[in-house]
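Each remark here refers to the structure printed beneath this line.
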Amino acid sequence: MMDLGATICRPKSPDCPACPLNAGCSAFASGEPERFPAPKRKAVRPARYGVAHWIERSGSIWLVRRPAKGMLGGMAALPGPDWTDEPAPAETALVHVSHVFTHFHLELAVVASDSPTGEGWWQPLDRLVDAGLPTLYRRAADSVLEARSALAA
């Protein structure tokens, strides 16, 4: 059966006349075997919402470690509350970042804050790459820095 699927019953340009099973095949009987099987519909990813705080002093940014269990467990991050299923109240965000995880789509608003929250450390902006930020938070930091440089230009 594996050889049949690899050589004759291919998704693109199937060789139905050479197939020993074509007499009972619905795809062959339809006259349009290329349409089979029907493509699977992608499941709609639910949306989640989050807020990350941009706390900067003297060329450094405040980072925290995410909880060991859960999404991005134990990784460095911008501080902020847990992600929710409801959009956060409209705050003046420095930037908005969209990120797609396997099971959901996250909309993250990065807002300016004054005082550090949680246990963390000051990471120099010129050594931000050394912090080991996951893609979501690296993109958030890069977006803030790009927006700032665009305003300065």
Single unsatisfied condition, Val64 versus (1) β-branched (Val, Ile, Thr); (2) surrounded by 11 or more Cβ atoms within 10 Å (Cβ to Cβ); (3) under 18 Å from Ser143 (Cβ atoms): (3)
Within the stretch 97-115, tally of residues that are part of a strand (DSSP E or B), surrounded by 11 or more Cβ atoms within 10 Å (Cβ to Cβ) and touching a residue at least 40 places away in the same chain (Cβ under 8 Å): 10
Tabulated pairs, the stretch 64-85, first assigned to a loop (DSSP other than H, G, I, E, B), second among the charged types (D, E, K, R), C-beta under 8 angstrom, 6+ apart or interchain: Leu72/Arg66; Gly73/Arg66; Gly74/Arg65; Gly74/Arg66; Met75/Arg65; Met75/Arg66; Trp83/Arg48; Asp85/Arg48
Residue within the stretch 3-19 that is surrounded by 12 or more Cβ atoms within 10 Å (Cβ to Cβ), touching a Phe, Trp or Tyr at 6+ places or on another chain (Cβ under 6 Å) and over 30 Å from Gly132 (Cβ atoms) present: yes
Complete set of residues in the stretch 120-153 that are under 21 Å from Met71 (Cα atoms) and more than 22 Å from the chain's Cα centre (by Cα): Gly120, Trp121
Where His53 falls short, out of the listed (1) assigned to a loop (DSSP other than H, G, I, E, B); (2) touching a Ser or Thr at 6+ places or on another chain (Cβ under 6 Å): (1)
Subset tally (residues that are under 17 Å from the mean Cα position of the chain (by Cα) and either of a type in the set (A, V, I, L, M, F, W, C) or over 23 Å from Asp114 (Cα atoms) (or both)) for the stretch 45-83: 15
Residue count for the stretch 20-50, restricted to those that are surrounded by 15 or more Cβ atoms within 10 Å (Cβ to Cβ) and either in a helix (DSSP H, G or I) or touching a Pro at 6+ places or on another chain (Cβ under 8 Å) (or both): 7
All positions within the stretch 116-153 that are free of Cβ contacts under 8 Å to residues at least 12 places away in the same chain and either under 12 Å from Gly80 (Cβ atoms) or hydrophobic (A, V, I, L, M, F, W, C) (or both): Val129, Ala150, Leu151, Ala152, Ala153
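A short reminder: the numbers here are calculations on the coordinates, not readings from a lab. Only a predicted model underlies this, so the values are computations on that prediction, with no experimental measurement involved. Heads up, the Cβs are rebuilt from the backbone with ideal geometry, glycines too, and the neighbour counts pull from every protein chain shown.
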